[in-house]
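Everything below concerns the one structure shown next.
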Amino acid sequence: MSAADQRCGLFAPEVGAALAAATAQARGAALRAGTSGEVLRQTERMAQARAATADCRSSDIQTAAARVRSAFSGFAKLTRLTYAGDVAGWQADRNIYRSARWQLSQDTSFGADRMAFGLIGKDGPGALVAVARFADGAEPYAARLVLRDGTRSDRPYLARLTGGSTAGLPLAQRLPPAGAQKAYAAAARAPAGPDILPKGATSGWAFRFPDTAAKELASLDPRESVAVDFLFPGDVTRRAYVEVGDFAAGRAFLTVSGR
């Protein structure tokens, strides 16, 4: 139906956004279950081929479009969704707040420390931010986001994976080797406000990454992981891992209107 919409202009923009979110979520579920990327690409090509020959005014197309609109009427009323992952999921929140809050977030522990990572804003997809609490009170002077460089490798690195489901594969084994990585340095650092601190934390540090980093994160394979490195004096680094999962689906969900 997304392919048919591109050709026939079947849906209003908000319905198209809902379809984009559903497509990203379905793709992630299929990949994590063991479906190969090539099978998904073939499925997409088949859908586009069928849409290219369909009669936009046919009863079949109009009936299917009506069903999508009916389904969207319920979906548009949702303001919160949980996107489960293999190891860690994303919490999405489309509510509008007076102050900046987590719109899409994933919580993780790394050693004795804790981090919340995702999008922070008031309305619509916000800034990509990592907020960390360090149990020993240490203060990082910088942070960087490490992820696969698509110009060096067009496929994910999934250690010990020869096929099938990725359930149980540690996040540290989903990041490519150094030669296939790129990094985004945080553009800003500030003490974190109480509304965005990780669970159980009373203080912490917030690091904002460039908008291009969020776009690149959304383009990654949902089975992958990325890392956030916090840098401390004395050449000390503490690393936290994030499961890419349904980040793209959650980001698309934030753009759906109808609240």
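Kindly provide the set of residues from segment 89-137 that are more than 18 Å from LEU197 (Cβ to Cβ), among the small types (Gly, Ala, Ser) and buried (at least 19 other Cβ atoms within 10 Å of the Cβ), ordered by number. ALA92, the sole residue that qualifies. Scanning segment 229-239 for residues that are in a strand (DSSP E or B) and surrounded by fewer than 23 Cβ atoms within 10 Å (Cβ to Cβ) gives ASP229, LEU231, PHE232, VAL236, THR237, ARG238, ARG239. Out of the residues in segment 57-94 meeting the condition of being aliphatic (A, V, I, L, M) and in a helix (DSSP H, G or I), tell me which one is farthest from ALA17 (Cα to Cα). The residue in question is ILE61.
Each residue in segment 237-256 was checked for being more than 8 Å from the chain's Cα centre (by Cα) and closer than 15 Å to ASP107 by Cβ, and 4 of them qualify. Restricting segment 45-70 to residues that are in contact with a helix residue (DSSP H, G or I) (Cβ under 9 Å, 6 or more places away or on another chain) and without any contact (Cβ under 8 Å) to a residue 24 or more places away in the chain, the residue that is farthest from LEU169 (Cα to Cα) is ARG57. Among residues of segment 180-195 being in contact (Cβ under 8 Å) with a residue 24 or more places away in the chain and of a type in the set (A, V, I, L, M, F, W, C), the one that is farthest from ARG114 (Cα to Cα) is ALA180. Does VAL242 satisfy the criteria of being surrounded by 15 or more Cβ atoms within 10 Å (Cβ to Cβ), part of a strand (DSSP E or B) and in contact (Cβ under 8 Å) with a residue 24 or more places away in the chain? For VAL242, the condition - surrounded by 15 or more Cβ atoms within 10 Å (Cβ to Cβ), part of a strand (DSSP E or B) and in contact (Cβ under 8 Å) with a residue 24 or more places away in the chain - is met. Scan segment 203-235 for residues that are free of Cβ contacts under 8 Å to residues at least 40 places away in the same chain and more than 18 Å from the chain's Cα centre (by Cα) and report the count. Looking only at that region, the number is 2. Looking at segment 202-225, can you tell me whether even one residue there is hydroxyl-bearing (Ser, Thr, Tyr), crowded, with 20+ Cβ neighbours inside 10 Å and not in a loop (DSSP other than H, G, I, E, B)? So far as segment 202-225 goes, yes, one or more of its residues are hydroxyl-bearing (Ser, Thr, Tyr), crowded, with 20+ Cβ neighbours inside 10 Å and not in a loop (DSSP other than H, G, I, E, B).
Every number here is computed from the coordinates shown, using simple stated rules; none is lab data. Just so you know, these numbers come straight off a predicted model, no measurement behind them. Don't worry about glycine lacking a Cβ; one is built from the backbone with ideal geometry, like all the others, and counts go over all protein chains shown.
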